[in-house]
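Visitor: The structure that follows is given in the form of C-alpha cells.
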Amino acid sequence: MIMRIFQVTTHPGKEAEFGRFFHETAIPLMNSTPGIVRVLPGAPREDSPREFSFVMVWESLEALKAFVGEDYQCPHIDPAEAELVESRSIKHYDLVDSYPTV
C-alpha cells in the first residue's frame with residue numbers, strides 16, 4: 001500500500017474559502033475515490049492557520065495512478081482551488097503494516 005501525504009498552504013485571507021472547498025468538495029471526493037483505503041484529512045491549527053493536509057492510503061501505486069495519472073509525484077489540485085493555494089507539496093511512502101511496540 002502507498003501512503004500519500006498532500007499538504008496545502010493557502011494564500012493569506014483565503015483560509016475560510018479554502019476550508020469550505022476542503023470540507024464540501026475535497027473530503028467527499030477523496031472518500032469516494034476507488035482505490036483509496038483510508039483518508040485522514042487535516043485542518044489548520046492555531047500555529048499553522050493556513051495549512052491543510054490529507055494523508056491517504058492507497059491500495060496500490062496502480063490505483064493511485066488511475067486517479068492522478070502517470071505523473072503521480074506532482075501535487076495536482078482542482079482548478080476550483082488554484083487561486084486559493086499559495087503552495088502545495090506531496091510525498092509518498094510505502095505503508096508499514098505494523099511496528100514493534102516500545
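Visitor: Across segment 22-53, what is the total count of residues that are of a type outside the set (D, E, K, R), over 14 Å from the mean Cα position of the chain (by Cα) and under 23 Å from HIS11 (Cα atoms)?
Guide: So in segment 22-53, the residues of a type outside the set (D, E, K, R) come out as 22-23, 25-37, 39-44, 48-49, 52-53.
Subset that is over 14 Å from the mean Cα position of the chain (by Cα): 34-35, 48-49.
Narrowing the set further to residues that are under 23 Å from HIS11 (Cα atoms) leaves 48-49.
Count: 2.
Visitor: Is segment 51-60 home to any residue that is more than 22 Å from GLU24 (Cα to Cα), touching a Lys or Arg at 6+ places or on another chain (Cβ under 6 Å), part of a loop (DSSP other than H, G, I, E, B) and not acidic (Asp, Glu)? Quick ask: steps written out before the conclusion?
Guide: Our first condition is that a residue be more than 22 Å from GLU24 (Cα to Cα); within segment 51-60, this holds for 59-60.
Remaining after also requiring touching a Lys or Arg at 6+ places or on another chain (Cβ under 6 Å): none.
No - not one qualifying residue is present in segment 51-60.
Visitor: Can you pull out every residue in segment 55-82 that is out of contact with any helix residue (DSSP H, G or I) (no Cβ under 9 Å at 6 or more places or on another chain), under 27 Å from PRO12 (Cβ atoms) and free of Cβ contacts under 8 Å to residues at least 60 places away in the same chain?
Guide: VAL55, PRO79, ALA82
Visitor: OK, next. Is it the case that PRO41 is outside any strand (DSSP E or B) and modelled with pLDDT of 95 or more? I'd like the intermediate steps shown before the answer.
Guide: Details: outside any strand (DSSP E or B): no; modelled with pLDDT of 95 or more: yes.
It is false that PRO41 is outside any strand (DSSP E or B) and modelled with pLDDT of 95 or more.
Visitor: Confirm whether PHE22 is without any contact (Cβ under 8 Å) to a residue 40 or more places away in the chain and either closer than 14 Å to ILE77 by Cβ or out of contact with any helix residue (DSSP H, G or I) (no Cβ under 8 Å at 6 or more places or on another chain) (or both). Talk me through it step by step, then tell me what you get.
Guide: Values: without any contact (Cβ under 8 Å) to a residue 40 or more places away in the chain: yes; either closer than 14 Å to ILE77 by Cβ or out of contact with any helix residue (DSSP H, G or I) (no Cβ under 8 Å at 6 or more places or on another chain) (or both): yes.
So PHE22 fits the description; yes.
Visitor: Restricted to segment 46-102, and to residues that are among the aliphatic types (A, V, I, L, M) and touching a Phe, Trp or Tyr at 6+ places or on another chain (Cβ under 6 Å), which residue is farthest from ARG4 (Cα to Cα)?
Guide: Initial filter on segment 46-102 (among the aliphatic types (A, V, I, L, M)): 55-57, 61, 63-64, 66, 68, 77, 80, 82, 84-85, 90, 95-96, 102.
Imposing the further condition that a residue be touching a Phe, Trp or Tyr at 6+ places or on another chain (Cβ under 6 Å) reduces the set to 64, 84, 90.
Details: LEU64: 9, LEU84: 22, ILE90: 7 Å.
Among those that are among the aliphatic types (A, V, I, L, M) and touching a Phe, Trp or Tyr at 6+ places or on another chain (Cβ under 6 Å), it is LEU84.
Visitor: I'm trying to understand the selection: among the residues of segment 43-54, which are surrounded by 16 or more Cβ atoms within 10 Å (Cβ to Cβ) and either in contact (Cβ under 8 Å) with a residue 60 or more places away in the chain or not hydrophobic (A, V, I, L, M, F, W, C) (or both)? Steps first, answer last, please.
Guide: The first filter runs over segment 43-54 and keeps only residues surrounded by 16 or more Cβ atoms within 10 Å (Cβ to Cβ), leaving 44, 50-54.
PRO44, ARG50, GLU51, SER53, listed by residue number.
Visitor: Sticking with this one: So which of THR25, THR33 is part of a loop (DSSP other than H, G, I, E, B) and more than 19 Å from ASP94 (Cβ to Cβ)?
Guide: THR33
Visitor: Only one of (1) touching a residue at least 24 places away in the same chain (Cβ under 8 Å); (2) under 17 Å from LYS91 (Cβ atoms) is not met by PRO12, so which one is it?
Guide: All conditions are met except number (2).
The values are calculated or read from the model by the stated rules, or taken from the named source; none is laboratory data. Worth saying up front: this structure is predicted, and the values here are computed from it rather than measured. Note: ideal-geometry Cβ built from the backbone for every residue, glycine included; neighbour counts use all protein chains shown.
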